[in-house]
Amino acid sequence: MHLRKWGFAALALAYGVTVGTVASATKPVEKSGNVFHKAVCDKGPEDDAECLAHVVTDASGKEKPGKGADLSPNVVPSGYGPADLRSAYKITTDGTTTIAIVDAYGYPRAEQDLAVYRAQYGLPACTTANGCFKKVNQNGVQGSYPATNTGWSQESALDLDMASAMCPGCKLVLVEATTASYANLATAVRTAAAIAGVTVISNSYGGSETGTTTYEPSYNQPGKAVTVSTGDSGYGVGFPASSPHVIAVGGTHLVRASNARGWAETAWSSGGSGCSSVYAKPSFQTDALCTKRMEADVSAVGDPATGVAVYGPTSSTAQGWLVFGGTSVSAPIIGGIYGVTGHKPNGAATIYANASLLNDVTSGTNGSCGGTYFCTAGAGYDGPTGLGTPNGPGPF
């Protein structure tokens with residue numbers, strides 16, 4: 001994982017309203033094909049994990065608006081929208097269950113920004129008033145929210161929008177951890193699991209496996225689909241994706257194609273994968289070279305060069321349309337598909353039992369691993385893309 005340092009501003013919480021903010025330093029500009037992008041979250045002194053969203057920028061690192069900040073209805077923003085993603089992954093039903101999104105820090109405009117995204121694409125309103133949207137802190141309280149962090153707010157916007165895109169009929173709960181420490185994020189996951197109706201818990205963050213065994217049991221939530229991003233730094237294992245109890249989601253490069261599917265995918269060069277040095281191999285994994293937990297299990301679009309449209313913060317004081325990539329895109333997409341099915345899985349076992357129902361991704365690499373499946377896509381299972389990408393909701 002890349003380590004990005006930033007300082008904390010003073011935090012002040014009063015009357016259940018966040019008045020503190022957390023400031024971020026400038027992130028390095030990266031490039032995928034001809035597309036520039038940068039990570040939106042830094043890793044601070046109280047944080048063990050960082051969010052895994054990447055926003056598309058110009059060469060200088062300035063965020064590029066998705067065709068402007070104030071689009072009129074029916075003007076298509078840049079980046080893939082719900083119809084594109086549902087077409088690519090053959091999702092045709094809307095779902096009725098509840099998806100919990102776990103992120104760190106506060107996002108005061110979560111409900112308002114979500115409303116803009118859903119209205120733009122003709123999705124049904126999801127509000128507090130109609131019982132579809134709810135926001136709580138890591139202890140389950142509607143109020144006393146954490147300090148605001150623009151990068152993590154962008155992450156939350158991305159997660160809410162992707163869950164909406166795949167499962168427009170699902171209810172959404174945003175659970176805000178106080179910081180991105182493993183302790184606080186684990187608390188938020190347990191809180192999410194205890195909320196009535198939640199069948200999916202989406203997690204778009206990660207960090208080192210070192211010292212995580214205390215927190216791993218929080219991700220063991222039988223009957224919940226716990227999806228986790230594998231990382232955006234290429235070949236290399238990370239937590240909580242390496243937990244045997246989660247569904248580890250890698251990233252792909254997704255483009256339209258003149259084939260029967262209408263789409264084609266390769267492994268994203270910066271998506272995460274790897275063999276755990278800490279966690280035991282789950283019984284449903286049978287790959288030979290990794291004797292412990294191997295990630296990913298499944299994948300979906302993550303390359304910023306084939307990114308998705310998101311409405312959210314463009315700064316601490318403004319909102320607009322942006323284009324995002326990262327495995328922070330893929331985890332809530334898979335979470336949204338679990339929301340459509342309403343199934344209650346125990347980890348990723350059903351994906352492995354139904355591998356033939358996935359789109360096998362057979363080309364691309366995310367690093368150097370001696371040509372093995374640890375970092376090289378090929379027929380059948382491989383680290384960067386797992387067993388493949390959704391071809392309908394069957395395996396989920």
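Worth a mention:
So that you can scan it fast, the table gives a plain yes or no per residue for (1) basic (Lys, Arg); (2) not in a strand (DSSP E or B):
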position	(1), (2)
Lys31	yes, no
His37	no, no
Cys41	no, yes
Glu46	no, yes
Val56	no, no
Pro65	no, yes
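- Restricting segment 32-66 to residues that are β-branched (Val, Ile, Thr) and touching a helix residue (DSSP H, G or I) at 6+ places or on another chain (Cβ under 8 Å), the residue that is surrounded by the fewest Cβ atoms within 10 Å (Cβ to Cβ) is Val35.
- The set of residues from segment 184-231 being out of contact with any strand residue (DSSP E or B) (no Cβ under 9 Å at 6 or more places or on another chain) and either among the aliphatic types (A, V, I, L, M) or surrounded by 21 or more Cβ atoms within 10 Å (Cβ to Cβ) (or both) comprises Ala194, Ser218.
- Residue satisfying all of: in segment 359-394; not in a loop (DSSP other than H, G, I, E, B) and not β-branched (Val, Ile, Thr); farthest from Gly272 (Cα to Cα) among these: Asn359
- Per the listing Ser269, Ser242, the residue uniquely surrounded by 24 or more Cβ atoms within 10 Å (Cβ to Cβ), in a loop (DSSP other than H, G, I, E, B) and not β-branched (Val, Ile, Thr) is Ser242.
- Segment 183-205 - residue that is of a type outside the set (A, V, I, L, M, F, W, C) and in contact with a Ser or Thr (Cβ under 6 Å, 6 or more places away or on another chain) and, of those, farthest from Ala39 (Cα to Cα): Gly197
- Glu111 satisfies every condition listed in (1) modelled with pLDDT of 95 or more; (2) surrounded by 13 or more Cβ atoms within 10 Å (Cβ to Cβ); (3) touching a helix residue (DSSP H, G or I) at 6+ places or on another chain (Cβ under 8 Å); (4) not in a strand (DSSP E or B) except (3).
- Pairs with Cβ under 9 Å, 6+ apart, first in segment 146-164 and within 15 Å of Trp321 (Cβ to Cβ), second of a type in the set (Val, Ile, Thr) and in a helix (DSSP H, G or I): Leu158/Val329; Met162/Val329; Met162/Ile333
- Only one entry of Ile337, Ile333 meets the criterion of being among the aliphatic types (A, V, I, L, M), touching a residue at least 40 places away in the same chain (Cβ under 8 Å) and either under 13 Å from Leu160 (Cα atoms) or part of a loop (DSSP other than H, G, I, E, B) (or both), and that entry is Ile333.
- Residues of segment 226-239 satisfying the condition of being assigned to a strand (DSSP E or B) and in contact with an Asp or Glu (Cβ under 9 Å, 6 or more places away or on another chain): Val228, Phe239
- Counted residues, segment 247-266 - those being touching a helix residue (DSSP H, G or I) at 6+ places or on another chain (Cβ under 9 Å), of a type outside the set (A, V, I, L, M, F, W, C) and assigned to a strand (DSSP E or B): 6
- Here Ala260 qualifies as surrounded by fewer than 18 Cβ atoms within 10 Å (Cβ to Cβ), modelled with pLDDT of 95 or more and over 24 Å from Tyr373 (Cβ atoms).
- Considering only residues in segment 272-296 that are over 22 Å from the mean Cα position of the chain (by Cα) and of a type in the set (A, V, I, L, M), the one that is farthest from Asp360 (Cα to Cα) turns out to be Val278.
- Tally, over segment 86-99, of residues that are farther than 10 Å from Trp263 by Cβ and not in a loop (DSSP other than H, G, I, E, B): 3
- Gly320 vs. criteria buried (at least 24 other Cβ atoms within 10 Å of the Cβ) and touching a residue at least 60 places away in the same chain (Cβ under 8 Å): no
- Evaluation of Ser316 against (1) more than 18 Å from Leu358 (Cβ to Cβ); (2) modelled with pLDDT of 95 or more (one fails), failing number: (2)
Yes/no per residue for (1) of a type in the set (A, V, I, L, M); (2) modelled with pLDDT of 95 or more; (3) closer than 30 Å to Gly106 by Cβ:
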| position | (1), (2), (3) |
| --- | --- |
| Val298 | yes, yes, no |
| Val310 | yes, yes, yes |
| Gly339 | no, yes, yes |
| Thr350 | no, yes, no |
| Ser363 | no, yes, no |
| Tyr373 | no, yes, no |
| Gly380 | no, yes, no |
| Gly386 | no, yes, no |
| Gly392 | no, yes, no |
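- The residues on offer are Cys132, Cys170, and the sole one that is crowded, with 24+ Cβ neighbours inside 10 Å and either touching a strand residue (DSSP E or B) at 6+ places or on another chain (Cβ under 8 Å) or under 28 Å from Asn391 (Cβ atoms) (or both) is Cys170.
- Scanning segment 291-319 for residues that are part of a strand (DSSP E or B) and either among the β-branched types (Val, Ile, Thr) or closer than 26 Å to Val76 by Cα (or both) gives Val298, Ser299, Ala300, Val301, Val308, Ala309, Val310, Tyr311, Gly312, Pro313, Gln319.
The values are calculated or read from the model by the stated rules, or taken from the named source; none is laboratory data. As the structure is a computational prediction, the values presented were derived from the model and not from experiment. Note: ideal-geometry Cβ built from the backbone for every residue, glycine included; neighbour counts use all protein chains shown.
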